[in-house]
Amino acid sequence: MEFNFWDKEIETLPREKIEELQLEALKKQIDNAFKTDFYKKKLTEAGINSSEDIKSLKDLRKIPFTTKHDLREVYPYGLLAVPQSEIVRVHASSGTTGTPTVIYLTQKDVDMAADTMARCLAAAGCTNEDTCQNMMTYGLFTGGMSFHYGAEKLGMTVVPTSSGNTLRQIKFMHDFGTSVTHATPSYMLHLHQAIMESEYKREDFKWRIGISGAEPYSEQLRNKMEKSLGIEVYNCYGMSELNGPGVAFECQLRNGMHVWEDRYIMEIVNPETLEPVEDGETGELVMTILCRDAMPLLRYRTRDLTHVITEPCPCGRTHRRIARFTGRTDDMLIINGVNVFPSQIEEVLLKAPGVGANYLIVVDKKGDMDKLTVQVEVTPEAFADDARVLNRLKEHLQEEMSALITIKPIVELKEPGSIPQAETKAKRVNDLRPKDV
């Protein structure tokens, strides 16, 4: 198999050379961080007075962690390390209430983010022969513009449809010969159903690659998308605080996401002790960005749970890979004292024949006890079966979930299309329990 590269020399650097670049870039970021009152105070209190106190990458552990709470506390300009006149773009986190988390970019930062994204797309097999339809929301959300600029940097033809208006999406895919799409997994499946109901046939499209992110999804759901859509689906990772969707990306082998270690330092820590874990052990991903002038970010706690894949990738890239995320430390549901991740429930649902892709986890109180209900759509074929078949499916799902999460949920089988379908980021959990005041 011949693999695509954007910058093969950088992507295949020897490990020691990557670490040399990381140390040099980290020192520059420390100097940059001292330009902000927030980091000047934080670093000085930790006994770091300048970049000269960082002698090796092991000294990274001397640096305190940064959290989303910190970013909100210093809103709006507390982490700005350059004059405001140098800022050309602002992005903010999506889907949050109260004070948002904001990032700032200079023109150099914008160009660097685009170059990183181009590297990601090339790794997934995209070329300047492709037409890419970006179905992610544009605006303050980084998934729209950051992806768009990277695709243009690679030389792709970009159709910036943004999210929603599914009939128009399908028409443009057909008329412009779209070969690559960027959308959430839930919207990809929604798109498939809409194509099936449209005037077009699947063979009328040139669609070959789907890039999917912004919401967690399992390997089973990826397999379902690939089988339904007849495309290759690539997993990507990023967040607004780290410049968007180009932090880590799957290569053409689709077995873990390469973290671009010349532009980020990756750590995996125990989320309770905050001590490093061994390679291969699951923990919380902590990231330091090495390629942004406007707003330094040191040892940022992402809250995402993953592990390093220790084996070298056959594609030849030396930048280490991380596995598909198993959940987040802050979306974990505690139900009657038991820790439950929505991804565990999805894993059961996607393995079961007759189950559709749309589901909703509802948590409520019954007296003093938590009540877990899983509402899931079934396929039209299963819905047409008699009640005995549906009852067996319900019992099967209850048993499988109970074995995995040690709680027996209530399972409600729903008619196809009865659970509201999000065209952007799917809401998978509805926690109705009273909040402590």
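Restricting Leu297, Leu274 to those that are under 30 Å from Arg72 (Cβ atoms), among the aliphatic types (A, V, I, L, M) and surrounded by fewer than 17 Cβ atoms within 10 Å (Cβ to Cβ) reduces the list to Leu274. With respect to (1) buried (at least 17 other Cβ atoms within 10 Å of the Cβ); (2) of a type in the set (A, V, I, L, M, F, W, C); (3) assigned to a loop (DSSP other than H, G, I, E, B); (4) within 28 Å of the chain's Cα centre (by Cα), the lone exception for Ile48 is condition (4).
Test Pro185 against the stated conditions and say whether it is modelled with pLDDT under 95 and not small (Gly, Ala, Ser). Spelling it out, Pro185 is indeed modelled with pLDDT under 95 and not small (Gly, Ala, Ser).
Restricting attention to the stretch 243-256 and to residues that are under 15 Å from Pro314 (Cβ atoms) and either under 13 Å from the mean Cα position of the chain (by Cα) or not hydrophobic (A, V, I, L, M, F, W, C) (or both), the residue that is most open to solvent (accessible area, probe 1.4 Å) turns out to be Asn255.
The set of residues in the stretch 188-208 that are closer than 12 Å to Leu167 by Cα and either without any contact (Cβ under 8 Å) to a residue 12 or more places away in the chain or part of a helix (DSSP H, G or I) (or both) comprises His190, Leu191, His192, Gln193, Ala194, Ile195, Met196, Glu197, Glu199. The set of residues in the stretch 22-45 that are open to solvent by 50 Å² or more (accessible area, probe 1.4 Å) and assigned to a helix (DSSP H, G or I) comprises Glu24, Lys27, Lys28, Asp31, Asp37, Lys40, Lys41, Thr44, Glu45. Does the stretch 278-289 contain any residue that is open to solvent by 10 Å² or more (accessible area, probe 1.4 Å), among the charged types (D, E, K, R), under 26 Å from Leu79 (Cβ atoms) and not in a loop (DSSP other than H, G, I, E, B)? No, the stretch 278-289 contains no residue that is open to solvent by 10 Å² or more (accessible area, probe 1.4 Å), among the charged types (D, E, K, R), under 26 Å from Leu79 (Cβ atoms) and not in a loop (DSSP other than H, G, I, E, B).
Every residue, every condition in (1) open to solvent by 20 Å² or more (accessible area, probe 1.4 Å); (2) touching a helix residue (DSSP H, G or I) at 6+ places or on another chain (Cβ under 9 Å); (3) under 17 Å from Gly417 (Cα atoms); (4) not in a helix (DSSP H, G or I), yes or no:
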site	(1), (2), (3), (4)
Gly150	no, yes, no, no
Lys153	yes, yes, no, no
Gln169	no, yes, no, no
His174	yes, yes, no, no
His182	no, yes, no, yes
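Is it the case, given these coordinates, that Glu11 is modelled with pLDDT of 95 or more, acidic (Asp, Glu) and more than 27 Å from the chain's Cα centre (by Cα)? No; evaluated as a whole, the condition is false for this residue.
The values are calculated or read from the model by the stated rules, or taken from the named source; none is laboratory data. Please read all numbers here as calculations on a predicted model, not as lab measurements. Neighbour counts are summed over all protein chains in view; Cβ atoms, including those assigned to glycine, are modelled from backbone coordinates with ideal geometry. All accessible areas refer to the heavy atoms of the entire protein, side chains included, with ligands and DNA or RNA removed. Shrake-Rupley method; radii C 1.70, N 1.55, O 1.52, S 1.80 Å.
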